[in-house]
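**Q** I'd like to ask some things about the structure below.
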Amino acid sequence: MLDVGCGINKYPGAIGVDRNPRTRADVIADLDQIPFPFRSEAFREVRAIHLIEHVSDVIRSMEEFYRLLAPGGRLVIVTPHYTDFSSFCDPTHRWHLNSFSLRYFGQNHGGYGYYSQARFREISTYVRLLALWRYLGFELLVNSSRWFRRFWEFYLCYLIRGKVIEWQLEAVK
């Protein structure tokens, strides 16, 4: 397992890679310099927890995660939803994503599959909402169907705000 951008909270049992030497990383590397210093298809799982919003190029990073994963390997990505305060208050955030932002790498790429050859199957996408909306049951509703999540993203997300998105994807090779 590889924990990319592990920071001080490296996932137990994972190999951690980070650019900051003051972290718990096993390997220090500039995460914007691709390829990472690992062989292709070396990992069954790659974790990028609160990392994707910091990279210089989301597409290149996704392609690198794809390269590092064995066939059928799992990619876990967690990032703030773009309507959350934390998405914009951190000056190191370069990207502000919604729950459909990674669709270009899947089968239902909306005609934009030509951006990358890397392909992932969506295992799950889960949106965590701000506490008030979670307590009122909206989080369950948003995550109950892809159709309703899309409706929420289009019409409701600025009122019923998101907090965090978690994707679990499988590398299709």
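The values are calculated or read from the model by the stated rules, or taken from the named source; none is laboratory data. All values derive from a computational prediction rather than experimental measurement. Note that we place each Cβ from the backbone using ideal geometry, even for glycine, and neighbour counts take in every protein chain shown. Remember, those area values only see protein heavy atoms, side chains included, never the ligands or the DNA or RNA. Shrake-Rupley method; radii C 1.70, N 1.55, O 1.52, S 1.80 Å.
**Q** Starting at the first residue of the stretch 143-148, write each ³J(HN,Hα) from the Karplus equation 6.51 cos²θ - 1.76 cosθ + 1.60 with θ = phi - 60°, in whole Hz, x for Gly and Pro.
**A** Once θ is set to phi - 60°, the couplings for the stretch 143-148 become 8, 6, 8, 4, 4, 5 Hz.
**Q** Here is a further query. Which peptide among 13-19, 114-120 comes first, and what is the full order, when sorted by highest mean count of other Cβ atoms within 10 Å?
**A** Taking the mean over residues of other Cβ atoms within 10 Å, the ranking is 13-19, 114-120.
**Q** Only Cα pairs within less than 10 Å get springs; with that Gaussian network setup on the chain, which residue of LEU156, LEU136, LEU69 has the largest fluctuation?
**A** Judging by the Gaussian network model, the answer is LEU136.
**Q** Could you state the accessible area per residue of the stretch 13-53 in Å², with a 1.4 Å probe and every protein chain left in place?
**A** Accessible surface, normalised per residue, equals 56 Å².
**Q** For the stretch 43-114 and the stretch 118-173, what is the centre-to-centre distance using only Cα atoms, to the nearest Å?
**A** One Cα centre to the other: 14 Å.
**Q** Using a 1.4 Å probe over the heavy atoms of the protein chains, calculate the carbon and sulfur portion of the accessible area of the stretch 37-100 as a whole percent.
**A** 57
**Q** Still on this structure: On C-alpha positions alone, give me the angle between the axis of helix 58-68 and the longest principal axis of the chain, in degrees, nearest 10.
**A** 50
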